[in-house]
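*Asks:* Quick one: the structure is below, questions incoming.
The values are calculated or read from the model by the stated rules, or taken from the named source; none is laboratory data. No experiment lies behind these values; they were computed from the predicted model shown. Glycine also receives a Cβ, built like all others from the backbone with ideal geometry; neighbour counts cover every protein chain displayed.
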Amino acid sequence: MTFNIKQMIGAVAIFLTSASAFTQCTTCAPDYTCVASGYPILCPETLPDGTTGVAYETTATFNMPGTVTDPSSGVDASLESITITSITGLPYGLTLTPSNPDGIYYPASGENYGCATICGTPLAAGQYFVSINVAVVASAFGFTQTLNETFSLPLTIIQGEGGGNPSFSTSETTGCSPLTVDVVNTITGPGVSYAWDFGGPSSGSTITLDILTDDYPGETTWMITDETGGVVISGGPYSLSQTLFSETICLGPGNYTLIVTDSFGDGMQYGGVVGNYALTDGAGVILAEIVAGGNFGTQSIHSFTIDSTSGPGGCILTTSNPSVVYDIPGTYNLSLTTTVSELTLIGLNIITLAGGWSGDVEEFFWGAPDPFFVIGGDASYTSDWIGDTETPNFTGLSIPLDYGGTYSFSFYDDDDISANDFLGTANFVANVPGEFTISGGGTTAILSIVETVSSQFIDSELITVFESLNVWADIDGDGYGDFNVPINGCDTSITTTFAFNGEDCNDGDALMFPGAPGTFSGIDNDCNSIIEGDEIITILGCVDPLAINYDPTATTSDGTCEYIICSGDYNNDGVISVSDLLELLSTFGCTSNCVTDLTGDDMVSVGDLLNLLSLYGTNCP
């Protein structure tokens with residue numbers, strides 16, 4: 001019986017990915033208003049668009065009923081488990097975290113809700129198609145069936161506005177010759193490679209890897225990694241035996257590792273034929289070489305260092321985090337192509353199947369095994385079985401493998417009635433693409449692994465190198481130079497601090513420059529030739545003309561102003577008397593800032609005298 005699993009669960013497959021691959025997003029909580037009606041449902045129905053350079057985070061909820069109806073046959077089937085074995089094509093910079101750490105869900109057992117968070121900062125715009133590989137276990141009428149399906153769902157990333165360089169950063173973009181520019185890659189990790197164009201100069205050292213193959217050249221591969229673990233260059237397997245292959249490699253200063261791998265596990269020797277390899281720099285110095293006798297087992301690892309004395313060079317670098325020296329003045333376009341690759345298992349061909357599959361009731365009737373394989377280790381995958389053959393060829397696979405990942409391949413004979421027969425396990429370390437032979441427990445298989453480009457980024461920065469630089473002395477260090485003291489900023493013999501402008505009005509006072517705040521000290525702080533506002537010297541006192549102690553010379557209030565409490569009681573003795581009348585008469589005729597002005601007309605006149613006489617004899621409260 002065959003179920004149309006793809007139609008039954010396709011809507012939710014993207015969000016069930018393995019947590020071992022994506023663990024950086026925050027934990028999500030399901031939206032329980034997302035309710036399925038007979039078939040799995042995803043809420044929302046589509047992922048929101050993302051924008052390059054902008055942080056992205058979204059949460060999706062999926063509801064999976066325990067029982068679904070196969071649309072092609074009308075049969076009710078239980079979804080025993082749904083396991084996501086791999087996911088590819090997610091835009092670079094985004095990661096995904098499911099609600100279940102193991103990425104396995106059991107709808108038939110009541111686990112009907114799940115969710116996932118997608119987060120990160122996408123780096124490249126485009127229309128992406130996320131491919132999801134799922135293993136589904138469904139049952140009906142007592143029969144259980146495991147099916148593998150692949151789904152593809154779109155996700156759009158829109159190009160953001162503004163500048164920014166997602167691929168690398170530079171220590172300098174302008175300066176005097178010779179200018180040293182240290183570059184730091186921001187996209188790193190296994191499967192990432194670089195191709196630099198410095199716009200003229202180069203700072204790489206050429207090294208050579210010579211490999212003399214043995215009688216099994218298809219077993220030999222190699223790679224060089226940098227300090228970050230990124231693969232700088234790789235090679236093999238080879239097709240010609242007892243043949244010398246020479247690889248020319250460009251490396252910048254730094255620490256590296258050469259890894260030579262033999263897939264069979266006996267090094268580069270067999271039957272008296274011994275291969276060889278040696279890594280040398282431009283001066284002929286040996287950096288790494290094969291062990292005596294050639295039997296290094298599965299892998300031989302050599303650490304080595306490239307520095308400025310390693311020998312002649314001048315090649316274009318493919319390493320990470322280079323340093324470049326620009327000796328000649330000019331403008332240079334420093335560009336980088338960053339390529340992100342991934343390894344994918346596309347085929348497995350069993351050429352020898354171990355015994356132990358015969359004798360079951362199935363083989364008594366049908367006579368031949370039905371092999372399938374299970375991948376463990378850094379990936380989880382169970383293949384379909386291929387019937388009635390001892391040498392099945394599993395093609396059309398699309399199983400991502402990690403660079404440096406360790407995997408186990410276990411082989412079985414599928415039996416419907418009796419228990420499945422175990423036919424051996426082989427271990428494998430994925431490093432480079434090619435054809436690889438693995439063996440274990442009497443079963444031998446050939447793995448077909450390809451390397452594909454998942455993302456590519458091309459970015460650049462302009463580097464400007466000066467022979468001379470017109471700047472101005474900045475003695476007071478306020479960032480503004482003295483126009484009358486020009487200097488050459490590229491002259492290393494000059495130790496005077498300089499600025500890139502000559503707009504200072506007083507290079508002897510760091511408090512005076514264009515736009516400077518006032519210091520209340522009576523100087524032209526902002527260099528506009530006017531002493532004003534907060535530049536005026538501070539004189540504390542009473543600044544209110546209506547106060548009895550008003551100080552016309554004060555510029556800032558000190559809070560000491562005093563006022564007449566009872567109108568007309570000038571001497572504040574609590575009664576309006578002869579002394580107050582005499583005080584008014586003494587100021588009679590005042591025309592400005594008059595403290596005895598009772599009418600508010602800013603003068604002392606007959607009106608004020610009559611007003612005071614009307615109050616004469618009043619006792620103030």
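*Asks:* So, in the stretch 274-292, of the ones that are surrounded by fewer than 15 Cβ atoms within 10 Å (Cβ to Cβ) and over 38 Å from the mean Cα position of the chain (by Cα), which residue ends up nearest to G204 (Cα to Cα)?
*Replies:* A283
*Asks:* Now for a different question. If you take the residues in the stretch 427-445 that are assigned to a strand (DSSP E or B) and among the hydrophobic types (A, V, I, L, M, F, W, C), which one is modelled with the lowest pLDDT?
*Replies:* The extreme case among them is V429.
*Asks:* How many residues are on the phi > 0 side of the Ramachandran plot and exposed (fewer than 12 other Cβ atoms within 10 Å of the Cβ) if we restrict to the stretch 38-54?
*Replies:* 1
*Asks:* Would you check if there is a residue in the stretch 567-590 being over 30 Å from C505 (Cα atoms) and part of a strand (DSSP E or B)?
*Replies:* There is at least one residue in the stretch 567-590 that is over 30 Å from C505 (Cα atoms) and part of a strand (DSSP E or B).
*Asks:* Also, quick follow-up: Tell me yes or no: at least one residue of the stretch 469-479 is at pLDDT below 90, under 40 Å from the mean Cα position of the chain (by Cα) and in a loop (DSSP other than H, G, I, E, B).
*Replies:* So far as the stretch 469-479 goes, yes, one or more of its residues are at pLDDT below 90, under 40 Å from the mean Cα position of the chain (by Cα) and in a loop (DSSP other than H, G, I, E, B).
*Asks:* Pick from the stretch 386-426 the residues that are assigned to a strand (DSSP E or B) and without any contact (Cβ under 8 Å) to a residue 40 or more places away in the chain: which of them is nearest to V260 (Cα to Cα)?
*Replies:* That would be T406.
*Asks:* With respect to the numbered conditions (1) within 31 Å of the chain's Cα centre (by Cα); (2) in a strand (DSSP E or B); (3) surrounded by fewer than 16 Cβ atoms within 10 Å (Cβ to Cβ), which one is the sole condition not fulfilled by E227?
*Replies:* The one condition E227 does not meet is (2).
*Asks:* Among the strands (runs of 3 or more DSSP E) contained in the stretch 232-351, which hold 3 or more residues that are at positive phi, of a type in the set (D, E) and modelled with pLDDT under 95?
*Replies:* none
*Asks:* If you don't mind, another one. Considering only the stretch 199-219, I want to know if a residue exists there that is part of a loop (DSSP other than H, G, I, E, B), more than 32 Å from the chain's Cα centre (by Cα) and without any contact (Cβ under 8 Å) to a residue 60 or more places away in the chain.
*Replies:* Scanning the stretch 199-219 turns up at least one residue that is part of a loop (DSSP other than H, G, I, E, B), more than 32 Å from the chain's Cα centre (by Cα) and without any contact (Cβ under 8 Å) to a residue 60 or more places away in the chain.
*Asks:* Hey, another quick one. Looking at the stretch 45-58 only, could you name the residues that are modelled with pLDDT of 80 or more and not hydrophobic (A, V, I, L, M, F, W, C)?
*Replies:* P48, D49, G50, T51, T52, Y56, E57, T58
*Asks:* Here's something else I'd like to know. I'd like to know if the stretch 323-330 contains one or more residues that are closer than 20 Å to V429 by Cα, β-branched (V, I, T) and surrounded by 16 or more Cβ atoms within 10 Å (Cβ to Cβ).
*Replies:* No, the stretch 323-330 has no match at all.
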